[in-house]
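**Student:** Encoded as structure tokens, here's the structure I'll be asking about.
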Amino acid sequence: MKFEHCTHEDFLDILSTLEEFWGDAAERARRVHHPMFVHEFADTAWVVRDDQQIIAYFFGFWSQAEPTGYIHLVAVRRTHQDRGLGRRLYERFEELARERGCTKLKAITPPINTESIAFHQHLGFRLLGEPNEQGIPVVEDYFGPGMPRVVFEKRLV
């Protein structure tokens, strides 16, 4: 699998096809697709192509507060899911994080995103916080007042 840096043109292509990656969650996902990941964090903004079509992408960055790699967005086109692409994107980021001396990886998701929760648990991430009414550990007010998030953490040492 070849990882390519995500260009501005790639970013625009991703925005125009969000439904093919996120399905019913595309509008919610659109709000967290910011061009700064392509322009300011370009070394950790990647795409994967099948011929010319983007089939997966990854936006992450290195924390300024602690030796942590932060995964912001990972998406695989629905027609290419269940082929290990998401896992391989995470593995590449983890490899780079270890090379940089990071001691952990972090990511977040809304508590309703059960697919993401299962995916991260499968990759060895633990969920921080206290169980909500559904028993899912969340960090209350993480995303703002009344906006809890599932916070994932994976220790690298």
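The values are calculated or read from the model by the stated rules, or taken from the named source; none is laboratory data. What you see is a predicted model, and the numbers here were worked out from it, not measured in a lab. FYI the Cβ positions are ideal-geometry reconstructions off the backbone, even for glycines, and counts take in every protein chain you see. Calculation scope for accessible area: heavy atoms of the full protein, side chains included, ligands and nucleic acids excluded. Shrake-Rupley method; radii C 1.70, N 1.55, O 1.52, S 1.80 Å.
**Student:** Can residue 119 be described as under 27 Å from residue 92 (Cβ atoms), of a type in the set (Phe, Trp, Tyr), open to solvent by 40 Å² or more (accessible area, probe 1.4 Å) and without any contact (Cβ under 8 Å) to a residue 40 or more places away in the chain?
**Tutor:** So residue 119 fits the description; yes.
**Student:** Pick out the one residue from 86, 101 that is out of contact with any helix residue (DSSP H, G or I) (no Cβ under 6 Å at 6 or more places or on another chain), among the small types (Gly, Ala, Ser) and more than 30 Å from residue 13 (Cα to Cα).
**Tutor:** 101
**Student:** Okay, moving on. Which members of segment 118-131 meet the condition of being out of contact with any Pro (no Cβ under 9 Å at 6 or more places or on another chain) and not in a helix (DSSP H, G or I)?
**Tutor:** 123, 124, 125 - these are the residues of segment 118-131 that are out of contact with any Pro (no Cβ under 9 Å at 6 or more places or on another chain) and not in a helix (DSSP H, G or I).
**Student:** Filter segment 132-157 for residues that are assigned to a strand (DSSP E or B) and open to solvent by less than 30 Å² (accessible area, probe 1.4 Å); which is farthest from residue 66 (Cα to Cα)?
**Tutor:** 138
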